[in-house]
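Contents: one structure, followed by commentary.
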Amino acid sequence: MEYKIVNENSDEKSNQTSEKNILDVYDQKPTSAFISASWGALFIGMISYCIGLWNAEMVLNEKGYYFTILLFGLFSAVSVQKSVRDKLEGIPVTDIYHSISWFTTIISILLLVVGLWNADLALSEKGFYGMSFTLSLFAAIAVQKNTRDKKFIEDRDGSH
């Protein structure tokens, strides 16, 4: 995969400068400690959230609602990170996909907030779900970023 900013109104020298600027931005491979911490946070957030649901005294359809919000939020957050990064790297991304990614991420958060606001749960339980959901979303974005950075460096250096 080639990472190159293309500007129709520029000459070859300008394109080379743009390509060098991208390489300067992405020349740091994520450390194994940060990659491990990101994956750890993702699994801790997701597993905690799911254990909380498993042990919750809710009807099954309510558990399904919260589980679906987690999956929806994770997918949406990764889509936002990917579309933002693609745009930054000059990879074509349609405005509709970029907008939908942001919209669905915001909606997943709002659905969780509305669900917890109206849930018959202790305030500590509501906080638990909110924090484990937030941790999961943040970690999913970090994992996607690390994966993308690592692949970029490997492709640039010619190592696989």
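Computed from the coordinates by the stated procedures, all read-outs in this text should not be read as laboratory data. Keep in mind that what you see is a predicted model, and the values were worked out from it rather than measured. Neighbour counts are summed over all protein chains in view; Cβ atoms, including those assigned to glycine, are modelled from backbone coordinates with ideal geometry.
Odds and ends about this structure:
- Gyration tensor verdict on region 27-160 (Cα atoms; rounded if a/c is under 1.5, prolate if a/b is larger than b/c, oblate otherwise): oblate
- Compared with the direct C-alpha span, the chain from residue 118 to residue 39 gains 25.3 nm at full extension, assuming 0.36 nm per residue.
- For the pair residue 154 and residue 47, a Förster radius of 41 Å applied to the C-beta separation gives a FRET efficiency near 0.90, rounded to the nearest 0.05.
- Calculated FRET value between residue 56 and residue 99, using beta carbons and R₀ = 35 Å, to 0.05: 0.55
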